[in-house]
Amino acid sequence: MKLSLNGAGPTGLDWIKRDFASLSPSYSREYALVVDHAQGSEVWDTDGRRYIDFMAGVAVLNVGHRHPAVQAAVEEQINRFWHICLSDFFYPQAVELAEKLQAIAPMDKSTKVYFGNSGTEAVEAAIKLAMYTTGRTRFLGFMGGFHGRTLGALSFTASKAVQRANYLSGVKVQHVPYPNPYRPLLLGKQDASYGETVVDYIEEQLFHSMLSPNDVAGILVEPIQGEGGYIVPAPGFFQRLRELCTRHGILLMVDEIQSGAGRTGKWWAVEHEDVEPDVVCFAKGVGSGMPIGGIIAREDLMTWQRGSHGSTFGGNPVAAAAALATLQVIEQEGLMARAAETSDYIMDALAEMEARHPSIGEVRGRGLMIGIEFVQDRQTKERATELRDHVIQRAFESGLLLIPCGRNAIRMTPALNIERPLVDEGLHLFEQALTEAESAYLIN
C-alpha cells in the first residue's frame, strides 16, 4: 500500500514528521496510525481517536492489549531481574516456559526448546539445526512465503520482490508453488487434489531434474500462508509432504510464527492437518508483544554441541514471564474455543457480505486467521489491489484497523478474546468501507 496521511490528527502528523526525519525509510507503514494507548481490542491515537483492532499488532496480541495477567507477570518479573543471559546462566522463567511449550507441542515424541528474540531468529535457528543434524545444506521453500528478513530467513521469503532486492541469498533454497486451491499454478493428474499435485511436482519434477532429495536438509512451510494471502493449503498436501520428508530423511519445519498460540482454534495450525512436524518455529502471539521466539524440535534432533548456537537476549526473563502468562490465559480462559466460535460468526457475516459485494472473490481461513481476497471479476479472478487498499484506508479513517496480505487480500486477526459488540461494530465499519470502495472502482 502507498502510505496516505489522511486520518491522522495534528499531533499524529507532528510525530510522523519527526519519524520521517529520524527513522529508517525501510519501514513499510500501512497508514497514519500513531498510537498513544490501547486496552483489550481497542486502540487510541495521540489525538484521542478510538479504533477497533482487527489486526492485533500483526497477529501478535492473541490475548489483547495489556491483558491484566500478562501485565502482572511482566511487572512482577521486572521487580526481580530483567536480564542475565540464558546462553551463559540459568533461570526458572525460561525452564517453566520451555516445559509449557513441550506440553503443547504438536509432536508425540520428546522435544526440546531453543529461545531467540523474534520470528526471523526462530527460522534461523531451524535452518542451522537442520544443517547441523542432517549434514545437508539445501532447502525447499514456497512461493508467497514470508519467514523473516535476516539473510537466512530471507532466502525462504518469497512474498514480495522488494524484500529480496539487492540481497544475496544466505541459504540455498528452491521455491515451489504453495498449494493455493484458488489460484493453482500447476496442472495435475485428473483425480488428484491440488495439494497432491504440488507434492507430485516436488517429487516427479524437482527431485528428478534439478535437486537430489539426499541434499535437502529441510522443507520450511507455513501451515496457513500468512503474508502471502492467508491461504489455507489444499487437502492432501501436508500428509503427502510428511510422507515425502520421512522417506528422504528431510526435516519438516513448520513456520507457526503467525498461526500459532491458539490463533486457528488449536495451539498450532499444523494440528488441523493431522501430521507431526520435526521442528516448529514460534514467536508473535506467544509473547503478547514481548520480543521472544524460538523453535520446538524433536529431542533426537537437538544434537548440537555447546556453543553451536545461542543468543544474548533470547529467552529474556521478562519476555519468558509474559509468554508463560499468555499461554496460561489462552488455556484458562478457553480462548481457543472462543476463537473458533468468533471465527464462525465472522465467516458467516462475510459469507452474507459476499452475496452483496461482487468484489469479494474468496473468504478463507481457520479460527481468527481470516483472509478476504478481492477481485475485479469473479470469473477471471483479476486482482483488485487498488480496491483492497481503498478499503483498508477508509476503514482506518472510520475507526477500524486492518492490514493487507498477498497482492489483493485483507487479513482479519483480532485478539482471541475480542468482545462480540466490537466484532459487530468492526464488521459494520468494514462493510461501509467496502461499499464505498466498490462504488469508487465501479464494481457491480
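The values are calculated or read from the model by the stated rules, or taken from the named source; none is laboratory data. Computed from a prediction, not measured in an experiment: that's the story for all the values here. Here the Cβ is made from the backbone with ideal geometry for all residues, glycine too, and neighbour counts use every protein chain on show. Just so you know, the surface numbers come from the protein's heavy atoms only, side chains and all, with ligands and any DNA or RNA stripped out. Shrake-Rupley method; radii C 1.70, N 1.55, O 1.52, S 1.80 Å.
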Exercise. So how do 112, 381 rank on accessible area, 1.4 Å probe, biggest first, that is with the largest at the start?
Worked result: 112, 381
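With every protein chain kept in place and ligands, DNA and RNA left out, what is the accessible area per residue of the range 343-383? Probe 1.4 Å, answer in Å².
Dividing the accessible area of the range 343-383 by its residue count gives 44 Å².
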Exercise. Modelled label-to-label distance, residue 102 and residue 6, 7 Å Cα→beta-carbon offset: nm?
Worked result: 5.5 nm
Exercise. Can you flag which of 172/266; 128/266; 100/284; 109/172 are past 21 Å Cα-Cα?
Worked result: 172/266; 128/266; 109/172
Exercise. Straight-line reach from residue 189: which aspartates and glutamates have Cα under 18 Å away, leaving out those fewer than 8 places along the same chain?
Worked result: 200, 203, 204
Exercise. Tell me, what ³J(HN,Hα) does each residue in the range 191-196 have, in order and in whole Hz, if you take phi through Karplus 6.51 cos²θ - 1.76 cosθ + 1.60 with θ = phi - 60° and put x for Gly and Pro?
Worked result: 9, 8, 6, 5, x, 5
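Can you give the FRET efficiency to the nearest 0.05 for residue 21 and residue 192, using r as the Cβ-Cβ distance and R₀ = 35 Å?
Step by step, r from the Cβ atoms, then E = 0.05.
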Problem set entry | Structure-derived Cα extents along the principal axes in Å - corresponding label in [x] 63, 56, 43; [y] 97, 57, 49; [z] 76, 71, 52 | [x]
For this session: Provide the per residue accessible area, probe 1.4 Å, for the range 60-141, rounded to a whole number of square angstrom.
Result: 50 Å²
Exercise. On full extension of the chain, what length is gained from residue 308 through residue 185, given 0.36 nm per residue of separation minus the C-alpha to C-alpha distance?
Worked result: 40.3 nm
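Under 1.5 on a/c is rounded, so check that first for the range 182-277, then, if it is not, pick prolate when a/b is larger than b/c and oblate when it is not; a ≥ b ≥ c are the square roots of the alpha carbon gyration tensor eigenvalues.
It is oblate, given that a/c is not under 1.5 and a/b is not larger than b/c.
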Exercise. So what's the net charge close to residue 137: Lys and Arg +1, Asp and Glu -1, counting the other residues with Cβ under 9 Å from its Cβ?
Worked result: +2
Exercise. Averaged per residue, what accessible area in Å² does the range 205-288 show with a 1.4 Å probe, protein chains only?
Worked result: 27 Å²
For this session: Would you tally the net charge around residue 371, using a Cβ to Cβ cut-off of less than 15 Å, leaving residue 371 out, and scoring K and R as +1, D and E as -1?
Result: +4
Exercise. Hey, with R₀ at 45 Å, roughly what FRET efficiency would residue 354 and residue 168 work out to, going by the Cβ-Cβ distance, to 0.05?
Worked result: 0.55
Seminar exercise, completed: For residue 304 the rounded accessible area (nearest 10 Å², probe 1.4 Å, non-protein molecules ignored) is 50 Å²
Exercise. Taking all protein chains as present, what is the carbon and sulfur share of the accessible area of the chain, in % to the nearest whole number, probe 1.4 Å?
Worked result: 51 percent
For this session: Find out how many positive minus negative residues lie around residue 354, taking Lys and Arg as positive, Asp and Glu as negative, among other residues whose Cβ is under 13 Å from that of residue 354.
Result: -3
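Assuming 0.36 nm per residue, please report the length gained on full extension of the stretch residue 204 to residue 341 beyond their Cα-Cα distance.
Numbers: separation 137, 0.36 × 137 = 49.32 nm, distance 4.11 nm.
Taking 0.36 nm per residue and subtracting the Cα distance, the gain is 45.2 nm.
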For this session: First check a/c for the range 300-444, with a ≥ b ≥ c the square roots of the eigenvalues of its C-alpha gyration tensor; if it is under 1.5, answer rounded, and if not, answer prolate when a/b is larger than b/c or oblate otherwise.
Result: prolate
Exercise. Looking at the square roots a ≥ b ≥ c of the eigenvalues of the Cα gyration tensor of the range 306-384, which shape do they give, rounded for a/c under 1.5, prolate if a/b is larger than b/c, or oblate?
Worked result: oblate
